């Protein structure tokens, strides 16, 4: 009978140790993604702010002077206003951010994504979105008192086509 080579023995021992480590890591560390008595507020907003200058309708002469593939009836400047988002729970401000528009010409959407653990129970939620910082009086605001169960995720979106601020 031949003696096993030392290299093969080391390889078997290394793989055994690796397997034991995997078993330990899959069972031993306890991980809780959030506190057991907490809910999660998920704020996800992607919205293009108001145009910084109004679109202008082209005259018939201006349209005729353009190449056929460039004859859009309006010319719209590309810049957009930043969007301000404020979220309060029980009169405590959790988010108050001014979101710049994306894109090289600053004409894209302003985006925000946050997940915040909050205590479960009855909560007063106030969300405010201003999509034209030159006219803060035209802000869209929604207030609600909600009962949040432990482990529940409350999503907050801004959907102007669906009436503004949406909770789901």
| request: Scan the stretch 33-83 residue by residue and report those that are free of Cβ contacts under 8 Å to residues at least 12 places away in the same chain and surrounded by 13 or more Cβ atoms within 10 Å (Cβ to Cβ). | output: 62, 63
| Given the residues 34, 66, 71, which is the only one that is in contact with a helix residue (DSSP H, G or I) (Cβ under 8 Å, 6 or more places away or on another chain) and at pLDDT below 95? | 71
| remark: Exception for residue 145 within (1) without any contact (Cβ under 8 Å) to a residue 60 or more places away in the chain; (2) more than 30 Å from residue 57 (Cβ to Cβ); (3) not in a strand (DSSP E or B) falls at (3)
| query | Considering only residues of the stretch 138-162 that are in contact with a strand residue (DSSP E or B) (Cβ under 9 Å, 6 or more places away or on another chain) and surrounded by fewer than 11 Cβ atoms within 10 Å (Cβ to Cβ), which is nearest to residue 51 (Cα to Cα)? | reply | 138
| remark: Scanning the stretch 40-63 residue by residue, the ones that are in a loop (DSSP other than H, G, I, E, B) and under 21 Å from residue 130 (Cα atoms) total 7
| Failed item in (1) exposed (fewer than 11 other Cβ atoms within 10 Å of the Cβ); (2) part of a loop (DSSP other than H, G, I, E, B), with residue 113 passing the rest | (2)
| request: Determine whether residue 154 is over 27 Å from residue 81 (Cβ atoms) and touching a residue at least 12 places away in the same chain (Cβ under 8 Å). | output: yes
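The values are calculated or read from the model by the stated rules, or taken from the named source; none is laboratory data. Because the structure is a prediction, the values reported are computed rather than measured. Cβ atoms come from the backbone with ideal geometry, glycine included; neighbour counts cover every protein chain shown.
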